[in-house]
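No lab work stands behind these numbers, since they all come straight from the coordinates. Fair warning: this is a prediction, and the values are worked out from it, not measured in the lab. Positions of Cβ are backbone-derived with ideal geometry, glycine not excepted, and every protein chain shown enters the neighbour counts.
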Amino acid sequence: MGYNGGMQTPVTIFAIAGSLRAASLNLALLRAIAQIAPPTFEIRIDTGLGNLPLFNPDLDADSLPAVAAMRDAILAADVLMLASPEYAHGVSGPMKNALDWMVSNTSFIDKPLVLLNTSPRATHAQAALRETVSTMSARVIDDACISLPLLGSGLDAEGIASDPVLRQTILDMLQRIRAFF
Ligand SMILES: Cc1cc2nc3c(=O)[nH]c(=O)nc-3n(C[C@H](O)[C@H](O)[C@H](O)COP(=O)(O)O)c2cc1C
């Protein structure tokens, strides 16, 4: 991060979509962000959410490879980006499962975090997510959190990335992340 001999060090982002659906809008949004992002960002999209066991505090988290991999990816990133669907006015089960696994390690503590929402009407899940990550001591970058009207759009990652309005909203969001540091 910051300036180093005139070269801007990339901001690294680890991004998790809270949906296991192949045609997930939340995953499509993350893919679009990775496509659009200038080289001053390095974006890694999580592929391990579905490999996490159901949260059970009796299990030794450190000995579970999927849990350790997610923890290490979050710890290594400058920014954590979360995009969760709303199911029945709540955060998706897979996303909440991941968050519960991360409570007992240090990965969320003081971690700059951005919340993305693919449906502006899905306010309950966003509010719950914000409450949970704040309780886990993450630092939500408020002005970089965005809601995009993607539900029902039929757009995939390429469609999102090539829509001029969506593209500009995403670039503005990335600029606000950059300004945070
Ligand atoms: C079981 C179920 C419950 C849902 N409940 C809500 C809801 O309470 N509020 C809402 O805005 N959308 C709701 N939706 C719509 C999803 O949030 C929407 O389909 C979203 O795109 C799913 O995320 P994905 O495209 O990343 O898989 C629900 C969808 C399903 C399948």
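Suppose the filter is among the aliphatic types (A, V, I, L, M) and farther than 19 Å from THR12 by Cβ; does VAL79 pass it? No; evaluated as a whole, the condition is false for this residue. Going through (1) touching a residue at least 12 places away in the same chain (Cβ under 8 Å); (2) more than 14 Å from the ligand (Cβ to nearest atom); (3) in a helix (DSSP H, G or I); (4) of a type outside the set (D, E, K, R) one by one, SER107 falls short only on (3). Got at least one residue in segment 66-87 being surrounded by fewer than 15 Cβ atoms within 10 Å (Cβ to Cβ), under 21 Å from ALA179 (Cα atoms) and among the small types (Gly, Ala, Ser)? Yes - at least one qualifying residue is present in segment 66-87. Would a scan of segment 57-64 turn up a residue that is among the polar types (S, T, N, Q) and closer than 26 Å to THR169 by Cα? No - not one qualifying residue is present in segment 57-64. The one condition from (1) more than 10 Å from the ligand (Cβ to nearest atom); (2) within 15 Å of GLY18 (Cα to Cα); (3) in contact with a helix residue (DSSP H, G or I) (Cβ under 6 Å, 6 or more places away or on another chain) that ALA66 does not meet is (2). Scanning segment 144-162 for residues that are crowded, with 17+ Cβ neighbours inside 10 Å and under 16 Å from ALA37 (Cβ atoms) yields a total of 6.
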